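The values are calculated or read from the model by the stated rules, or taken from the named source; none is laboratory data. Given the structure is predicted, the values throughout are model-derived calculations rather than measurements. Using ideal geometry, Cβ is built from the backbone for each residue, glycine included, and neighbour counts are taken over all protein chains shown.
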Amino acid sequence: MTRTRLLKEISSIDDAKKVEETVKTGYTETAIENLVYWAAAEEDLAESYGQMAQDSKNQAKRDAFIRLQEDSKRNMVEISGLVEYLKGLDEARAKRIELLKGLHS
């Protein structure tokens, strides 16, 4: 499978540094921020489903709310893992930027 290049050919340190910084701020950091908000939404959902389960007098509904709560809790764990993984990629990207800055000296 082929794809069209997103970037022109990079031929200078300055161009490479700009692209690395753009990837860091435009992709990695943005993805982390969105995942953090998603995890917060799952936490709110889990709390709400827990309350709805407690308030429900219908056993079938209570069971469904508990399943939904558990799902949201699992999602929070998975999302947290993604955040940690992306933080590692972000740190690696910062090192690449520093390496490029050092090449200017």
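At a glance:
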read-out: Residues of region 66-82 classified as touching a residue at least 40 places away in the same chain (Cβ under 8 Å) and surrounded by fewer than 17 Cβ atoms within 10 Å (Cβ to Cβ), total; value: 2
read-out: Matching residues in region 46-86 - criterion: being among the β-branched types (V, I, T) and closer than 27 Å to T30 by Cα; value: V77, I79, V83
read-out: Hey, E91 part of a helix (DSSP H, G or I) and within 30 Å of I13 (Cα to Cα) or not; value: yes
read-out: Answer from A94, A64 - the residue that is under 21 Å from L7 (Cα atoms) and modelled with pLDDT of 95 or more; value: A94
read-out: Every residue from region 30-69 that is aromatic (F, W, Y) and within 30 Å of R93 (Cα to Cα); value: Y37, W38
read-out: Residue pairs meeting the criteria (Cβ under 7 Å; at least 6 apart or on separate chains; first touching a residue at least 12 places away in the same chain (Cβ under 8 Å) and over 16 Å from L100 (Cα atoms), in region 18-29; second part of a helix (DSSP H, G or I) and of a type in the set (A, V, I, L, M)); value: T28/L86; T28/L89
read-out: Within region 83-98, tally of residues that are farther than 16 Å from A41 by Cα and either β-branched (V, I, T) or touching a residue at least 24 places away in the same chain (Cβ under 8 Å) (or both); value: 8
read-out: Residue in region 42-65 that is surrounded by fewer than 15 Cβ atoms within 10 Å (Cβ to Cβ), under 24 Å from K17 (Cα atoms) and among the hydroxyl-bearing types (S, T, Y) present; value: no
read-out: The listed residue being exposed (fewer than 13 other Cβ atoms within 10 Å of the Cβ), outside any helix (DSSP H, G or I) and of a type in the set (V, I, T), out of T30, T4, T22; value: T4
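Conditions tested, residue by residue: (1) at pLDDT below 95; (2) in contact with a Cys (Cβ under 8 Å, 6 or more places away or on another chain); (3) of a type in the set (A, V, I, L, M).
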| position | (1), (2), (3) |
| --- | --- |
| D15 | yes, no, no |
| E21 | no, no, no |
| T25 | no, no, no |
| T28 | no, no, no |
| I32 | no, no, yes |
| A41 | no, no, yes |
| Q51 | no, no, no |
| N75 | no, no, no |
| L82 | no, no, yes |
